[in-house]
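Visitor: Please find one structure pasted underneath; my questions will follow.
The values are calculated or read from the model by the stated rules, or taken from the named source; none is laboratory data. These numbers come from a predicted model, not from an experiment. Counting neighbours? That spans all protein chains shown, and the Cβs are built from the backbone with ideal geometry, glycine included. Note: accessible area is taken over every heavy atom of the protein model, side chains too, but ligands, DNA and RNA are not part of it. Shrake-Rupley method; radii C 1.70, N 1.55, O 1.52, S 1.80 Å.
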Amino acid sequence: MCDTDGKSNVSNGGSDDPEPGEGREEADTSAVPEAQTSPDSANLSSVPEGSEDGQDRALANSEQKQGPGEEEDTDSMDGSGLYSLTEEGEGESEGGEQRERGKDESKRSARKRNRPSGGATRHSSSSDDDDEEEEEEEDAEEEDEQAMEAWLGADLRDLSRPSWCAVPSLRAREIGRDSHQFVRRVCGARGLVQRLELQGRLERHTGCVNTLHFNPSGTRLASGSDDLRVVIWDWASRRAELEFDSGHKSNVFQAKFLPHSGDSTLAMCARDGQIRVAELSATQRCKNTKRVAQHKGAAHKLALEPDSPCSFLSAGEDAVVFGIDLRLDRPANKLVVVKEGEKKVGLYTIFVNPANTHHFAVGGRDQYVRIYDQRKINEHDNNGVLKKFCPSHLVSSESKTNITCLLYSHDGTELLASYNDEDIYLFDSSHSDGADYRRRYKGHRNNATVKGVNFYGPYSEFVVSGSDCGHIYLWDKNSARVVQFMEGDRGGVVNCLEPHPHLPGLATSGLDHDVKLWAPTAENPTTLKGLKEVMKKNKRERDEDSVRHGDQYDTQLLWFLMRHMRNRRPQRARRGEGGEGDTDESWSSPDSSDEEEGGPDHVQCMSS
């Protein structure tokens, strides 16, 4: 029988797994706590011996506690049982795996015993030397493979059966039981997440699509691109309702509908540092776009205030956070300049707490998530910071780690942050200053672009991210295990992931010039075919890059050269379809300045 206890599901936010307790002890019982036992992400050789065996023992203990007499849930859709997380030919028992490891150890010991001693080596032939080198290489490869398996650890173990079942839930809705919770449970059901597949593409842009945003009702989708255009889609019919020139001079990074504005006001930001507002009419045209603020560097993200049709925040690589109120004659108000000590920290991302709109979080060119309270920002007291979070192993890290995207959960209790060429971390926003992370999500690669991350599900049941390998990953939030793995972009990088506000589906975009729509229509749940090898490949590439000391310098040099070449090109003629009143009328702050006067940059954003 299926577990259809409505109270249990609601209290856990619609999640398929029980909500863990607070603190580090809340990690899944089938795995050793991540922050304490997972090997350092930049060095496979630091994996502690026996960590995998410890996880196996923990799993065995949990199975003994369950007992054979407990009932198990049926499959969420067709009763086909657990989906497999292992590749074909990899379904050996744990005992078999241990026997194989024992054989490998005995082989290595035999090879070491058979190797000549130091004196004999001097008289051995060159072929013996070659054999010894080959054996040492084989040993190193075997140790590397074991370290990789330990790094994957419990993240690829099978999850329990999904608690949401289609038929009982439909029957309960028909008789009026918990009918008001039906849609929320459907949108957060793991059984449907495992059936997500590509539905179609929205094709109109001629550059990389850097931003996606559904209107509050979910009927329209806004997209912005390197081609400097913004398109408003009727995504259900896959038709572009409105297309207009954004007024920006370089890559459009975000375009968002302001809430309760009747979908008539769109806020935008771009690489040129401008914050612009587009006024749309009900007759499918753009009346005008106006600049309301100006950063002295690229502006990557905007943060909307829930229920506010006229105010929002912006963050830029100049380390400045602007509060923007469209009701004022001079809308832009500088809230804070983000610093670490005396050094400014360029910003890539900002988000307002939906449960307490006075609080907002920012992230950028260092490893710290910073939370501010708009009511009491005193830059002479801890640089105005209310509290900071950072994974403990990154606090003193010498690597150039930075945060490319962060956001609050649906109720503001959790913060999710994606780190450049590192993993994704979940923090408890109510914890005190300096608290460590609660969950870690790994396997993807975040290096080539300023990549986004998002929650999926009405109760933030899942974490979704793109990857440099071109795939889309969805992790179960509580267990941190991959539950869906899809090929998302032919161009090789997926950057934007926008869940629909009310339906089980999402839109994605990246280096390709189209928008992709996903829905849970697959006949069978995913088998995660190829996931293990792709995760290993991403890990190896990340480790190889981590030993190169000139990465940050090379990236900055590359983008300086690209910007210089772009500025030397003749500025292309601007299209005239962008509305009757496009203007550069500035409502910005007194210290604003235009920086990038070149034409559109047709390369997806990296660190500027």
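Visitor: What ranking, highest mean first, results for peptides 495-504, 303-312 when packing means the other Cβ atoms within 10 Å averaged over each residue?
Guide: Descending packing order for the listed peptides: 495-504, 303-312.
Visitor: Based on alpha-carbon centroids, what's the gap between region 177-222 and region 274-331 in Å, whole number please?
Guide: What the calculation gives is 25 Å, centre to centre.
Visitor: Simple spin-label model, 7 Å along Cα-to-Cβ: residue 177 to residue 546 in nm?
Guide: The answer from the label model is 5.1 nm.
Visitor: Just report the Cα centroid separation between region 336-367 and region 488-533, whole Å.
Guide: 29
Visitor: Which length gain, in nm to one decimal place, applies between residue 167 and residue 296 when the Cα-Cα distance is subtracted from 0.36 nm times their residue separation?
Guide: Additional length available on full extension: 40.8 nm.
Visitor: Given a 1.4 Å probe and every protein chain left where it sits, what share in percent of the accessible area of region 163-313 is carbon and sulfur?
Guide: The computed percentage sits at 46.
Visitor: Further, regarding this structure: Treating the beta-carbon of each Lys and Arg as +1 and of each Asp and Glu as -1, no other charges, what is the dipole magnitude of region 352-443 about its Cα centre, to the nearest 20 debye?
Guide: Values: 11 positive and 13 negative charges, 17 e Å.
So the magnitude is around 80 debye.
Visitor: Between residue 342 and residue 241, what FRET efficiency follows from the Cβ-Cβ distance if R0 is 35 Å, with the result rounded to 0.05?
Guide: According to the calculation, E is roughly 0.10.
Visitor: Related question: Figure the gain on full extension for residue 219 and residue 487 (residue separation times 0.36 nm, minus the Cα-Cα span) and round it to one decimal in nm.
Guide: 93.9 nm
Visitor: Something else: For the peptides 541-547, 386-392, what is the packing order when you average, over each peptide's residues, the other Cβ atoms within 10 Å and list the highest mean first?
Guide: Per-residue Cβ counts within 10 Å, averaged per peptide and sorted highest first, yield 386-392, 541-547.
Visitor: Here's something else I'd like to know. Can you list which of the trypsin sites (Lys or Arg not before Pro) found in region 317-382 are DSSP loop residues with at most 11 other C-beta atoms within 10 Å? Numbers along the way, then the final one.
Guide: Numbers: sites: 327, 334, 339, 343, 344, 365, 370, 375, 376; in loops: 327, 365.
Answer by residue number: 327.
Visitor: For region 394-551, what is the accessible area per residue in Å² when the probe is 1.4 Å? Don't jump to the answer; show the numbers that get you there.
Guide: On the way: 4920 Å² over 158 residues.
Ligands and nucleic acids excluded, the figure is 31 Å² per residue.
Visitor: Would you be so kind as to identify which of 453, 255, 437 lies farthest towards the positive end of the dipole of region 198-545, taking Lys and Arg as +1 and Asp and Glu as -1 on Cβ and the Cα centre as origin?
Guide: So the residue furthest toward the plus end is 255.
Visitor: State in Å² the accessible area per residue of region 196-250; use a 1.4 Å probe, count heavy atoms of protein chains only, and round to the nearest integer.
Guide: On a per-residue basis, 31 Å².
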